[in-house]
Amino acid sequence: MHHGRDSEEAADLTPASWLKFGQRNILYIGFVALLVPLGMALDGRRPAGTQSLGGLAFALTLCAGVSVAFFVLNAGLVVVDLAKGRRIAKALIGCALPLVFGIGAMLVRRSVM
């Protein structure tokens, strides 16, 4: 009778690209993508011919706040990973994403206003 653990290991179903890009980076992209419908939902229904940018402005402000925090977190991780001799690719991607979305948000804001 066999009382030990089975030598079979559970198969890892996580795609390799997910691991290379980083889970927190993908979650950040998902969060930013959900801010557009949030801004539209906050504006609600309006009579024809009226325009309100309150919801979109709130979504862009929330995006800016979260992006600053995400950038600072990843910049700290770059320093820690450099000190420990680990790979810094995920943290560098995490530093670049808020900059890309910040520039994109500023372009959207200028085109809307």
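Confirm whether D12 is over 15 Å from the mean Cα position of the chain (by Cα), acidic (D, E) and either modelled with pLDDT of 85 or more or surrounded by 14 or more Cβ atoms within 10 Å (Cβ to Cβ) (or both).
Working: over 15 Å from the mean Cα position of the chain (by Cα): yes; acidic (D, E): yes; either modelled with pLDDT of 85 or more or surrounded by 14 or more Cβ atoms within 10 Å (Cβ to Cβ) (or both): no.
Taking the combined requirement at face value, the residue does not satisfy it.
Right, V78: more than 14 Å from Y28 (Cβ to Cβ) and in contact (Cβ under 8 Å) with a residue 12 or more places away in the chain or not? Give the derivation first.
On the way: more than 14 Å from Y28 (Cβ to Cβ): yes; in contact (Cβ under 8 Å) with a residue 12 or more places away in the chain: yes.
Against the criterion (more than 14 Å from Y28 (Cβ to Cβ) and in contact (Cβ under 8 Å) with a residue 12 or more places away in the chain), V78 qualifies.
Does at least one position in segment 82-98 carry a residue that is assigned to a helix (DSSP H, G or I), touching a Lys or Arg at 6+ places or on another chain (Cβ under 9 Å) and of a type in the set (G, A, S)?
yes
How about segment 60-90: which of its residues are under 16 Å from F21 (Cβ atoms), aliphatic (A, V, I, L, M) and modelled with pLDDT under 90?
Residues satisfying the conditions are I88, A89.
The values are calculated or read from the model by the stated rules, or taken from the named source; none is laboratory data. If you're wondering where the values come from, they're calculated on a predicted model, not measured in any experiment. Because the Cβ atoms are built from the backbone with ideal geometry, glycine has one as well, and the counts that use them run over all protein chains shown.
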